[in-house]
Amino acid sequence: MTTPLHLRPCTQCGECCRAEVCPVGETLLETVQVPCPALEFRDGKAWCGLVTNLDAYKKRLHFNQPWQVEFLQGYLKGLMNFGYGCDSDGK
C-alpha cells in the first residue's frame, strides 16, 4: 500500500514552484511567469530564494534595512508552510 501524496513529507522537488508562482511571489516579485524567479536549487533540492536567499532579492524588493529581511523570512516560513511542500498536508 502506498501513502497518498498529500500525506507524504515534502521532497523539495520544486514542482510546485515550476507550476505556479505563489501569492507571495506574485506580490513581491510582481510576476506570474513560471517557473517562479525565486526558485533555487542547491544540493539537489529546491528552495524558495525569498526565504533562504532573500539578500539576493532585497534590492528588487527595495529593502535597505537588515530587520526587513529577517522579518520577511520569518513571516514567509510561517505563512506558506515552506518545507512541508505541495505534496504534503503540512501536518
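Read the figures in this text as sums done on the coordinates, not as results from a lab. Small disclaimer: the values here were computed from a predicted structure and weren't measured. Counting neighbours? That spans all protein chains shown, and the Cβs are built from the backbone with ideal geometry, glycine included.
What net charge do the residues around Val32 carry, taking every other residue with its C-beta under 11 Å from that of Val32, with Lys and Arg at +1 and Asp and Glu at -1? Walk me through the intermediate numbers first.
Values: positive: none; negative: Glu20, Glu26, Glu30.
Local charge sum for Val32: -3.
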* Where does the charge balance sit around Asp55 when Lys and Arg score +1, Asp and Glu -1, over other residues with C-beta under 13 Å from its C-beta? -> +1
